[in-house]
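Asks: Just passing along the structure, written as structure tokens.
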Amino acid sequence: MGKRVRIGLLIGGISALLVLLFWWGDLFDRLRLQLNDVYFLDAPVTDQVMLIAIDDDSLDAYGRTPVEWSRGVFADLVDILGAAQARVVAFDILFAQSTPADAEFAAAMRTARTGEGRTRFIMPLVGVEQIEASVPGSLRFAEVLRPTETLAAEVDYFGFVNAAADVDETVRRQPSHIYAGAENGYSFGLTAFLAYLRIPAAAFGQVVTLQGQTLTIANEHAIPVDARGFWRQNFFTPSNSADRGIRTVSFHEVIDGTVDPAIFADKVVMVGLMNSVNAPDERPTPLSVSLAGVEIHAHAVETLIQGIPLYEQSTASKALTIVAFSLLAGIIYAHLRWYLMLLVMVKLLVVWLVFAFVTFLTSHWLLNLYDPIVAIILPVLGSIGWQITTEINRRRSAEHWLAIIQRQKELLETVIGGSPTGIAVLDRYGSLNSANHAFDTTFDLTKAQRTDKHFSQVLQAVEVETEAAQKLASGLRGTTPFHFEFKHKGKTLMVDAAILPSDERWVVVFHDVSDLAELSEIKTHMIRMLSHDLKNPLATVIGFSELLINPVSGEPLRETQKRFVENIRRSAGSMLMIINETLSMEQLRSGRMRKKPVELAEVIQQVVKTQQIEIEQHRHNVQVMLEPELPPILGDTFQISQALTNLVSNAVKYTPDGGKIQVRLTRDGACAQVEIEDNGYGMSEAAQTNLFKEFFRADATAHIRGTGLGLSLVKAITEAHGGQVKVVSTEGQGSVFTLILPLAVEGVNA
């Protein structure tokens, strides 16, 4: 899992936790409820519900409040509605006080109920002092207010008009089943719908059933309810909207006959106080306008007639939505810059709102808008904060490292600038980028003479010898470090050059080794002089020693004398060997070598032949295996012979008597490979590490005479010929020395 994904999950998780805490703690609950009100737009109605408004004109005509009106006025209204064959007449007016005209009102209802329209009448009940309900899915009140007995006797149904407001005092829900004192029944809107279905009041208990959180009517109409029995009603176009909302007429106009009674035929007619400055029960609704109680009930009935009560998300669904949006947003934002985050955030919000509205319109689900919106927005703040923090830390780190680099650069410039060795830096094209003061001093240059110049031009300007300039140019065209020595105006300069892989620049260092070169020449001269002066006396000592040991005439030496003279001869021979090897090492260091084609097979045979006496003395079995028609190598015959002699001589000396020695010559691609294998003393891994150092002797063979220069000479000769030497040895089992030398044949594939 990538770092950004982990950061996104962390930010999303923290955002989800915060949003869940806000939601679970009912923080911002008003905003949450009001945001969901955007679902409610203008929507058509069925024309099955009508409102008769007790408005200002009606109050002016009949009295300040409907309670003060003569019940005869309501009897006249009932006569008109009964004659028009209204299906249901629901009064949202509590006729709690008896009047002399109650009998007239009751008689009118009786006539309408028994007429052809069989009009059903509903009057309100009002629960007083809500208490804790003992029955799930219901409300309970301590007592109830009800109509007078005279009117109640002629009423078909009673419905509770108690409203249920949310924390912002807005009415969005309706109760279902209610207990109040000795009474129990259903809400006013639900009762009106049951009357609309022509279900007798006595059958309510059998027809209306509660299973879980679903209230079912006549096995057909399902209404989702919460734990207390509240259900979410829908809201349509406000009643006062022309030609769109629930049709509303004035009470006064109906009584005066200015309204055609035919409009009430087979309708649910709801009568109540509305469109009046004196309306006491107007409540805020999701329609952004306040509605009178009777209007709210009318919208509830319309909801049930259309069969579109609203479904709300479950607690688990809300929590899952919050977590999913938080984590998804967190992961997406973690991969974006801040301006792209804002763009993606807007897109996610649009997608969520479109999905929520389509779901509402098609399935009547009220998805929680507020918390998912916060879950989409909050990770933006967290991601931007993380990016700002990361950027600040990155810049601080960059500034810190920049300061360190600057100090190191200043230190490096100081060291290079003060270095007594000339240093030049070239770019990949060979132009001289920079050089120190010692470089200018070495070649007697000024800064202006080398600025913006190619290195070859600088070398030409300071009159570097052609051969040295060509070597430099050839080395700079490659990619491997190189070094060599050359003369320049009486100075001996050593060049060391290395490439910087990061930017393909070359660093070329010029050491003035004139003093060392002079000392080297003096040392070489002394070595040659001493070697010459020592070799002649040693040759005399060796010659007379051999003559004494094997006299041509005269009396032979006694055994004791012979042993002494033999020690003299052997010691003199060792000194001569040291002198010869020292001269050979010096010759290699000086670079003097006469190269010509060398037949390795012939050299090997000659070397083995010269060692034949020693081989026979030790009774060794020596096998020589030579690959036929092997091309020659290019080298110095004497030095190659000397290297092979040292290896074969070592194999003879360091193998116990009666040992087995193999000398093999084979071809390995473009190289010749010489292997000298013995089953002698062998050596430890620690000894192999130092084996080719000058004067090194392995502990296991310290008792055998040797100078410690032989293998270092072998290594020097091999490398001088462009080859390499290897050794594989096991203590007590033997050793294999391998010389690898390039063949003097071009175009051979390795």
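The values are calculated or read from the model by the stated rules, or taken from the named source; none is laboratory data. Predicted model only: the values in this text are computed from it and were never measured. With ideal geometry, Cβ positions are generated from the backbone for all residues, glycine too; neighbour counts draw on all protein chains shown. The accessibility values were calculated without ligands, DNA or RNA, using every heavy atom of the protein model including side chains. Shrake-Rupley method; radii C 1.70, N 1.55, O 1.52, S 1.80 Å.
Asks: How would you rank 660-667, 19-26, highest first, on the average number of other Cβ atoms within 10 Å across their residues?
Replies: Values: 660-667: 17.5, 19-26: 15.5.
Answer by packing, highest mean first, reads 660-667, 19-26.
Asks: Could you give the length gained by full extension between residue 613 and residue 496, i.e. 0.36 nm per residue of separation minus their alpha carbon distance, to one decimal place? Spell out each step's value before the answer.
Replies: Values: separation 117, 0.36 × 117 = 42.12 nm, distance 4.80 nm.
Residue separation times 0.36 nm, minus the Cα-Cα distance, leaves 37.3 nm.
Asks: Could you check the simple spin-label distance between residue 164 and residue 131, using points 7 Å along Cα→Cβ, in nm with one decimal?
Replies: My value for the distance between the label points is 2.0 nm.
Asks: Please report the antiparallel percentage of the DSSP beta bridges confined to the chain, to the nearest 5.
Replies: Values: 75 of 110 bridges.
Looking only at bridges with both residues in the chain, the antiparallel portion is about 70 percent.
Asks: While we're on this one: Relative to the present Cα-Cα distance, how much length would full extension add between residue 638 and residue 227 at 0.36 nm per residue of separation?
Replies: On the way: separation 411, 0.36 × 411 = 147.96 nm, distance 11.02 nm.
Full-extension gain reported as 136.9 nm.
Asks: Assuming R0 = 25 Å, can you tell me the calculated FRET efficiency for the pair residue 384 and residue 35, based on Cβ-Cβ distance, to the nearest 0.05?
Replies: Numbers: r = 24 Å, r/R0 = 0.95.
It comes to 0.55.
Asks: If you don't mind, there's one more thing I want to ask. Of all accessible surface on the chain at a 1.4 Å probe, what whole percent is carbon and sulfur? Please list the in-between numbers first.
Replies: Details: 21720 of 39130 Å².
The computed percentage sits at 56.
Asks: Kindly identify the stretch 115-157 as rounded, prolate or oblate by the Cα gyration tensor criterion: order the square roots of the eigenvalues as a ≥ b ≥ c, call it rounded if a/c is under 1.5, otherwise compare a/b with b/c, prolate if a/b is larger, else oblate.
Replies: Numbers: a/c = 4.69, a/b = 2.09, b/c = 2.25.
Note, shape of the stretch 115-157 comes out oblate.
Asks: Still on this structure: Could you do me a favour and compute the accessible area per residue for the stretch 1-128, 1.4 Å probe, result in Å²? Display every interim value, and only then the final one.
Replies: Working: 6050 Å² over 128 residues.
On a per-residue basis, 47 Å².
Asks: Evaluate the distance, in nm, between pseudo-label points positioned 7 Å from the Cα of residue 480 and of residue 145 along their respective Cα→Cβ axes.
Replies: Taking the two extended label points, one gets 10.9 nm.
Asks: So how long is each side of the stretch 320-471 along the principal axes, counting just the alpha-carbon atoms, biggest first, in Å?
Replies: If we take the Cα atoms of the stretch 320-471, the spans are 96, 29, 23 Å.
Asks: Need one word for the stretch 417-495: rounded, prolate or oblate. Basis is the Cα gyration tensor (sqrt eigenvalues a ≥ b ≥ c); a/c below 1.5 gives rounded, then a/b vs b/c decides. Please list the in-between numbers first.
Replies: Details: a/c = 1.34, a/b = 1.10, b/c = 1.23.
Judged from the Cα gyration tensor, the stretch 417-495 comes out rounded (a/c under 1.5).
Asks: If you count, for each residue, the other Cβ atoms within 10 Å and average over each peptide, how do 466-474, 175-183 line up from highest to lowest? Walk me through the numbers on the way to the answer.
Replies: Numbers: 466-474: 14.2, 175-183: 19.4.
My ranking of the peptides, most packed first, is 175-183, 466-474.
Asks: May I pose another question? Across the Cα atoms of the stretch 174-245, what radius of gyration and what greatest pairwise Cα-Cα distance (Dmax) are found, in Å?
Replies: 13.9, 43
Asks: Determine one quarter of the surface area of the Cα convex hull of the stretch 373-442, which equals its mean projected area, and express it in nm² to one decimal. Kindly include the intermediate steps, with their values, before the conclusion.
Replies: Working: hull surface 30.0 nm².
Approximately 7.5 nm², given one-decimal rounding.
Asks: Mind giving me the FRET efficiency for residue 362 and residue 288? R0 is 22 Å, r the Cβ-Cβ distance, nearest 0.05 is fine. Walk me through the numbers before you get to the answer.
Replies: Values: r = 23 Å, r/R0 = 1.06.
Calculated value: 0.40.
Asks: Using r as the Cβ-Cβ distance of residue 400 and residue 505, and R0 as 35 Å, what FRET efficiency do you calculate, to the nearest 0.05? Intermediate values should be presented prior to the final figure.
Replies: On the way: r = 26 Å, r/R0 = 0.75.
Step by step, r from the Cβ atoms, then E = 0.85.
Asks: Can you give the angle from 0 to 90° between the axis of helix 559-590 and the longest principal axis of the chain, with both taken from C-alpha atoms, to the nearest 10?
Replies: In the chain, helix 559-590 runs at an angle near 50 degrees to the longest axis.
Asks: Quickly rank 158-170, 489-501, 712-724 as a protection proxy: mean count of other C-beta atoms within 10 Å, highest first.
Replies: 712-724, 158-170, 489-501
Asks: Run the numbers for residue 462 and residue 411: contour at 0.36 nm per residue of separation, minus the present Cα-Cα distance, in nm.
Replies: Details: separation 51, 0.36 × 51 = 18.36 nm, distance 2.97 nm.
Length difference between fully extended and current span is 15.4 nm.
Asks: Relative contact order for the chain: what is it in percent, counting Cα pairs under 8 Å that are at least 6 residues apart?
Replies: Numbers: 1254 pairs, mean separation 75.7, N = 750.
Normalised by residue count, the contact order of the chain is 10 percent.
Asks: Hey, another quick one. What is the ratio of the Cα radius of gyration of the stretch 1-154 to 2.2 N^0.38 Å, where N is its residue count, to two decimals?
Replies: Taking the Cα Rg and dividing by 2.2 N^0.38 Å, one obtains 1.75.
Asks: Express the Stokes-Einstein translational diffusion coefficient of the chain in µm² s⁻¹, to the nearest whole number, given a Kirkwood radius over alpha-carbon pairs, 20 °C and a viscosity of 1.002 mPa s. Mind dumping the intermediate values first?
Replies: Details: Rh = 38.3 Å.
This corresponds to a translational diffusion coefficient of 56 µm²/s.
Asks: Between residue 730 and residue 594, what is the label-to-label distance in nm when each label sits 7 Å out along the Cα-to-Cβ direction?
Replies: Label at residue 730, label at residue 594, 4.5 nm between them.
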